[in-house]
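J.: Below are the C-alpha cells for one structure; questions will follow.
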There are 2 protein chains.
Amino acid sequence: MTRYNMSESEMPSAWFNILPRLATPMDPPLHPGTREPVTPDDLAPLFPMALIMQEMSPEPWIDIPGPVLDILRLWRPTPLVRAERLEKMLDTPARIYFKDESVSPAGSHKPNTAVPQAYYNKMEGINRLTTETGAGQWGTALSFATAQFDMECMVYMVRASFEQKPYRKIMMEVWGGNVVPSPIDDPSNPGSLGAAISDAVRDCVQRDDSHYALGSVLNHVLLHQTVIGLEARDQLRAAGEELPDVVIAPCGGGSNLGGIAFPFVPDESVRLVAVEPSACPTLTQGRFEYDFGDVAGMTPLMPMYTLGADFMPPSIHAGGLRYHGDSPIISKLVHEGRMEAVAINQGKVFDAAIKFANAEGKVPAPECGHGIAVAIDEALAAKESGEEKVILFNYCGHGHLDLAAYDEYLSGRMVDV
Amino acid sequence: MTRYNMSESEMPSAWFNILPRLATPMDPPLHPGTREPVTPDDLAPLFPMALIMQEMSPEPWIDIPGPVLDILRLWRPTPLVRAERLEKMLDTPARIYFKDESVSPAGSHKPNTAVPQAYYNKMEGINRLTTETGAGQWGTALSFATAQFDMECMVYMVRASFEQKPYRKIMMEVWGGNVVPSPIDDPSNPGSLGAAISDAVRDCVQRDDSHYALGSVLNHVLLHQTVIGLEARDQLRAAGEELPDVVIAPCGGGSNLGGIAFPFVPDESVRLVAVEPSACPTLTQGRFEYDFGDVAGMTPLMPMYTLGADFMPPSIHAGGLRYHGDSPIISKLVHEGRMEAVAINQGKVFDAAIKFANAEGKVPAPECGHGIAVAIDEALAAKESGEEKVILFNYCGHGHLDLAAYDEYLSGRMVDV
C-alpha cells in the first residue's frame, strides 16, 4: 500500500457547498404543525443561527473558522491510501484507493462536523448540547467536540447499541459525555435513530440552556464533511489519477457519503454509489416524499427517501445505518439519477471486512464494511472486463469497538439479513 | 499539534544493533539444565537460525528483508507528533513529542517484530508459531503477521486479560489466530506472562512443525523495534530539534522502550527513562541476577533485573507490564546507570491518560499511559525550572480495547496500586 499524506497547511480552508451547484433548487423542509416552509426562526430553538444559515446558504464556498481548523488538524488531513495488497488479493487491474477517516479521535468521520457544530453553538453562548447516537460514533464525536469548548453533552443512545457496545459509552465518558439508552421511557424497546432523535429534541426544547446537534441528514452536516472529498481530490491528483471512475460510501443518514461524493458531483463522468443495508433499504426500497426525521413527529418534514418515520429496522450490527430516512440532498441526487444506490446483506459485509483486514491490516466498522464490499464488487467487475478502473471508497470508521459483531460472524451465529 | 510524516521511501532499511556499541559485552544466557552458556543449537528447537544469529550478532546494522519492509509499510513510517495542545494544557515551556505506534494493525508497536519473526520462521519452513500474550497486543500482532505468511498461530493468553478483554481475543481470531487462557491447567489462576511463556514453550517443543515466538525481552525483539527510534531521530531533525533531552517509554519486557531509546544510547546527553508499574517494579525493586524467563524454568537463564520467576503481580490494567523480569540489555543499561527507571501507580496513569485524551484526542492503552504520566511530570518540572526541554515519548498503543479499565477508573472502582 501507498499512503498519500498532505501537510496540515494543505488542508481545505473552506467547505464545498453543493446547494448552489444543483441543477434545480431543493424543496424546502416544512413545519411539522403548519406544513409551511420552515423559517430560520422556527429552527432557532434547536440550532445556532450560523448553522441555520449554512443549511440554506447560496454561497459555493463557506470558510472554516480558524478555531475549528486548529482542532481538525489534530487528525486532518487524513491519509489517502492505495490498497495495493487488496488489489493483489483480488487480482484486479483496478486501482483501489480509500480515504482513511478512522484516524480521528472518535474513530470515524463524525468529528468533522461535531467540532464546527460545538464551535458555532459556543459562539452563540450555548453551553449544553443534546443529541442521539446509533452505533455510538456520533455521540463519541460530539463528546470529544464539546470537551474542546468546555460544554456539556447529553447523548441518547439507541438501546440496542447501548447494550451491544458498552465500550462506546465509556469512550464518550472519557470525554465527559453523559449517555443514556433510548427510548428513555421503554426499557424493552431496542430503539431506533428516529426514536432517539425524539428524546434528544424533547430534552433540548424543555431547557433554555441547550441546543440540539444532529450527526447526519441535514445540509450543514454534509457540508462540514466535504473536507473528505476535497482532500481526496487533491490526493488522487498527487497519486497521478485525474479523477476516480467511481466513488463509493455507506449511507445511513448520508453524511460520510455526501462528504466524499459532493466535491465530485460536478464531474459527470464520476459514478457515485450509496451502499445501504438490506435490513434498512431506504434509497432502494423507500418512497421519495415528505416525512418526519423522527418517530414523534417533532422535526420538520423533509423531502427524502423514507421507509416511514415509525419503521423499526432489525438490530443489525451496522447501527449507524439503521435510519428510516436519508439526507434530502442525497435523496434528490438518487431521485434524479446522479447517484446510484445498492443494498447488501450483513453477511457479505463481514466477509468483505475480514478480507480487507487480512489484506490491509485494518479492521473496519460494520458500516464501513458496506463500502468495502461494493468496492470489491467493482474491482472484480473490472477484472471481468479487463478495465483499469479507479475506485475510491470512504474508510469511514474502524471496528475496534465492534468486535462483538465479528465474533458473531466468525462463530456462525450471525443472521444474514 | 503538528505531525511530522515521512514518506515510505524514507523508512529505515536496516535495524540498529546496540550489541556491538555497548561499552562491555553482555553476559551470555545460560542453559537451564547445565548452566553453561547456551549455544545456537540449544535454541534451534524454539527459533529459526536467522533470529538466533541476530540474538548475538556483532554487526552494527542488520538489513531488513524486502518482504518484511513491504508489510511494515502498511503503517510505517509512523507519525511523530508534537503535542502542542498538551503543552498548552500544562502551560509548559517544554516541547513534547510522541511517536505514534498506535497506527499499526494491532494498535501497538508489537507488529514491528511480529512480522520479521513470522518471516524468518516461514523461510525456515516453519508453518506454526506458539506464543504467549499479556494485554493481548502481542498475540494480536503475531496473529496478523502469521496471516501474512499463511501460517498457523497458537496464543496462550494470560487468563486475567483473557477475561477482561474479550475484544482482544476476537481481534486475534479475525486474523485467524487460536487463543486459549493460561495457565491452561488451572482455571482459578489469573495467570502471568511467565506462566503463559511456559505453556507456549511446552506446546512448541512437543511438536515438530512449530516454533515459539516471544514479543519482548530478547535481543532480536528489541532489535526489530529500533525502527521506532531511528524514524523518530530523523523526524525530530525535520521538526528542527537537534536531539531530545529525555526519551521516555513504559517498560514491561522492554521492547517498546528499547525500540525508541537504543538509537539514542550513543548520545550521552540524552536521558533515557523506563516507566514501570508500582505493582510490578522489576527495575526499581528487583535484583540484578540470572533468572528464568518463565515460571516453569524451561527457558534459558538470563542476566536481568527480576522479581523472581514465580512472582505473581496483582491484576492491574496494564497487563503488558506484568512481567517479573526485563530485557537483559535494558537491565544492563539501568544497572550501569545509562538508563533511569521509575515506578508509578495506576491511578496516576489513568489521570494522565484522560488528560492526554482530552488534549490530543487519542485514548491511550494503560501501558502507554505510564509513559505519558512521566512525560507530564517532566513537562511540569520544566515549567518549574523554566527550561525549554525537548521531551520524546513512545505512544506505544491505543486504548480502544482497554475501555473497561477507564470505566473502572471513572466510576471510582479502581484500586490504586
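For (1) closer than 24 Å to B:Val349 by Cα; (2) within 12 Å of the chain's Cα centre (by Cα); (3) charged (D, E, K, R), each residue gets a yes or a no:
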| site | (1), (2), (3) |
| --- | --- |
| B:Val217 | yes, yes, no |
| B:Thr226 | no, yes, no |
| B:Ile248 | yes, no, no |
| B:Ser255 | yes, yes, no |
| B:Pro277 | yes, no, no |
| B:Leu301 | no, no, no |
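J.: A further question on this structure: Spot the failing condition for A:His220; the list is (1) open to solvent by 10 Å² or more (accessible area, probe 1.4 Å); (2) out of contact with any strand residue (DSSP E or B) (no Cβ under 8 Å at 6 or more places or on another chain); (3) closer than 21 Å to A:Gln54 by Cα, and only one is missed.
T.: Condition (1) is where A:His220 drops out.
J.: Checking B:Leu321 against (1) in contact with a helix residue (DSSP H, G or I) (Cβ under 8 Å, 6 or more places away or on another chain); (2) within 19 Å of B:Val390 (Cβ to Cβ), which single condition isn't satisfied?
T.: Condition not satisfied by B:Leu321: (2).
J.: Could I ask something else about it? Restricting attention to the stretch B:120-144, which residues are without any contact (Cβ under 8 Å) to a residue 60 or more places away in the chain, surrounded by fewer than 24 Cβ atoms within 10 Å (Cβ to Cβ) and in a helix (DSSP H, G or I)?
T.: Result: B:Lys122, single match.
J.: Now, a different point. Which strands (runs of 3 or more DSSP E) sit wholly inside the stretch B:251-326 and have at least 1 residues that are without any contact (Cβ under 8 Å) to a residue 40 or more places away in the chain?
T.: B:287-292, B:301-306
J.: I've got another one for you. What number of residues within the stretch B:284-307 satisfy the criterion of being open to solvent by less than 10 Å² (accessible area, probe 1.4 Å) and either in contact with a Cys (Cβ under 8 Å, 6 or more places away or on another chain) or farther than 24 Å from B:Asp41 by Cα (or both)?
T.: Count: 1.
J.: Which pairs do you get when a residue that is farther than 12 Å from A:Ile96 by Cβ, found in the stretch A:379-391, comes within reach of a residue that is modelled with pLDDT under 95 and hydroxyl-bearing (Ser, Thr, Tyr), reach meaning Cβ atoms under 7 angstrom, with the pair 6+ apart or on two chains?
T.: Filtered contacts from the stretch A:379-391: no entries.
J.: Which one of A:Ile248, A:Ile197, A:Ile228 is in a strand (DSSP E or B) and in contact (Cβ under 8 Å) with a residue 12 or more places away in the chain?
T.: Result: A:Ile248 is the single residue among A:Ile248, A:Ile197, A:Ile228 that is in a strand (DSSP E or B) and in contact (Cβ under 8 Å) with a residue 12 or more places away in the chain.
J.: May I pose another question? For the stretch A:163-185, enumerate the residues that are in contact with a helix residue (DSSP H, G or I) (Cβ under 6 Å, 6 or more places away or on another chain), among the hydrophobic types (A, V, I, L, M, F, W, C) and either away from chain B (no Cβ under 11 Å) or part of a loop (DSSP other than H, G, I, E, B) (or both).
T.: Passing the criteria: A:Trp175, A:Val179, A:Ile184.
J.: Considering only the stretch A:106-119, state which residues are open to solvent by less than 10 Å² (accessible area, probe 1.4 Å) and outside any strand (DSSP E or B).
T.: Scanning the stretch A:106-119 gives A:Ala106, A:Gly107, A:Pro111, A:Asn112, A:Thr113, A:Ala114, A:Val115, A:Pro116, A:Gln117, A:Ala118.
J.: How many of the residues in the stretch B:229-251 are open to solvent by 10 Å² or more (accessible area, probe 1.4 Å) and under 30 Å from B:Ala279 (Cα atoms)?
T.: Counting residues in the stretch B:229-251 that are open to solvent by 10 Å² or more (accessible area, probe 1.4 Å) and under 30 Å from B:Ala279 (Cα atoms) gives 1.
J.: Search the stretch B:359-417 for residues being of a type in the set (Gly, Ala, Ser) and not in a helix (DSSP H, G or I), and hand back the single one that is nearest to B:Cys280 (Cα to Cα).
T.: B:Ala365
J.: Of everything in the stretch B:367-417 that's in contact with a Leu (Cβ under 8 Å, 6 or more places away or on another chain) and open to solvent by less than 10 Å² (accessible area, probe 1.4 Å), which residue is nearest to B:Arg322 (Cα to Cα)?
T.: Result: B:His370.
J.: Test each condition in (1) small (Gly, Ala, Ser); (2) crowded, with 24+ Cβ neighbours inside 10 Å; (3) within 14 Å of another protein chain (Cβ to nearest Cβ) for A:Ala147 and report the one that comes out false.
T.: (2)
J.: Find all pairs meeting these conditions: Cβ atoms under 7 angstrom apart; at least six residues apart or on different chains; first residue within the stretch A:70-85 and closer than 14 Å to B:Arg73 by Cα and open to solvent by less than 10 Å² (accessible area, probe 1.4 Å); second residue among the hydrophobic types (A, V, I, L, M, F, W, C) and modelled with pLDDT under 95.
T.: Filtered contacts from the stretch A:70-85: A:Val81/A:Met1; A:Ala83/A:Met1.
J.: For A:Ala200, indicate whether it is more than 14 Å from chain B (Cβ to nearest Cβ), of a type in the set (Gly, Ala, Ser), open to solvent by less than 10 Å² (accessible area, probe 1.4 Å) and within 12 Å of A:Tyr156 (Cα to Cα).
T.: The answer is yes for A:Ala200.
J.: Within the group A:Met157, A:Met123, A:Met89, which residue is more than 19 Å from the chain's Cα centre (by Cα) and within 21 Å of A:Cys368 (Cβ to Cβ)?
T.: It is A:Met89.
J.: Additional query: In the stretch A:159-169, what residues are within 20 Å of A:Ala213 (Cα to Cα) and open to solvent by less than 30 Å² (accessible area, probe 1.4 Å)?
T.: A:Arg159, A:Ser161, A:Arg168
J.: Another question about this same structure. Counting only residues that are buried (at least 24 other Cβ atoms within 10 Å of the Cβ) and over 18 Å from A:Met1 (Cβ atoms), which one in the stretch A:341-357 is farthest from the other protein chains (Cβ to nearest Cβ)?
T.: Step by step, filter the stretch A:341-357, then rank; the result is A:Gln346.
J.: Still on this structure, I have one more. Say we look at the stretch A:91-103 and pick out the residues that are of a type outside the set (Asp, Glu) and open to solvent by 10 Å² or more (accessible area, probe 1.4 Å); which of these is farthest from the other protein chains (Cβ to nearest Cβ)?
T.: Within the stretch A:91-103, the match that is farthest from the other protein chains (Cβ to nearest Cβ) is A:Pro93.
J.: Would you confirm whether any residue within the stretch A:316-334 is open to solvent by less than 50 Å² (accessible area, probe 1.4 Å), within 19 Å of A:Phe98 (Cα to Cα) and away from chain B (no Cβ under 12 Å)?
T.: Scanning the stretch A:316-334, I find no residue that is open to solvent by less than 50 Å² (accessible area, probe 1.4 Å), within 19 Å of A:Phe98 (Cα to Cα) and away from chain B (no Cβ under 12 Å), so the answer is no.
J.: All but one of (1) at pLDDT 95 or above; (2) in a helix (DSSP H, G or I); (3) surrounded by 24 or more Cβ atoms within 10 Å (Cβ to Cβ) hold for B:Tyr156; state the number of the condition that does not hold.
T.: The one condition B:Tyr156 does not meet is (2).
J.: If you take the residues in the stretch B:1-47 that are within 14 Å of chain A (Cβ to nearest Cβ) and in a loop (DSSP other than H, G, I, E, B), which one is surrounded by the most Cβ atoms within 10 Å (Cβ to Cβ)?
T.: Of everything passing the filter in the stretch B:1-47, B:Met1 is surrounded by the most Cβ atoms within 10 Å (Cβ to Cβ).
J.: Do we have any residue at all in the stretch B:54-67 that's under 30 Å from B:Gly371 (Cβ atoms), open to solvent by 50 Å² or more (accessible area, probe 1.4 Å) and either assigned to a helix (DSSP H, G or I) or in contact with a Phe, Trp or Tyr (Cβ under 6 Å, 6 or more places away or on another chain) (or both)?
T.: No, the stretch B:54-67 has no match at all.
J.: A follow-up question, please. Check the stretch A:385-398 and report whether any residue there is closer than 29 Å to A:Ala309 by Cβ and within 12 Å of chain B (Cβ to nearest Cβ).
T.: Yes: the stretch A:385-398 contains one or more residues that are closer than 29 Å to A:Ala309 by Cβ and within 12 Å of chain B (Cβ to nearest Cβ).
J.: Looking only at the stretch B:72-105, count every residue that is over 23 Å from B:Gly215 (Cα atoms) and either outside any loop (DSSP other than H, G, I, E, B) or not small (Gly, Ala, Ser) (or both) and tell me the total.
T.: 16
J.: What number goes with the only condition from (1) within 14 Å of chain B (Cβ to nearest Cβ); (2) more than 20 Å from A:Pro313 (Cβ to Cβ); (3) of a type outside the set (Val, Ile, Thr); (4) under 22 Å from the mean Cα position of the chain (by Cα) that A:Gln137 does not pass?
T.: Condition not satisfied by A:Gln137: (2).
The values are calculated or read from the model by the stated rules, or taken from the named source; none is laboratory data. Quick caveat: nothing in here was measured; it's all calculated off a predicted structure. All Cβ positions, glycine included, derive from the backbone under ideal geometry; neighbour counts span all protein chains shown. Keep in mind that these areas ignore ligands, DNA and RNA; they rest on the heavy atoms of the full protein, side chains included. Shrake-Rupley method; radii C 1.70, N 1.55, O 1.52, S 1.80 Å.
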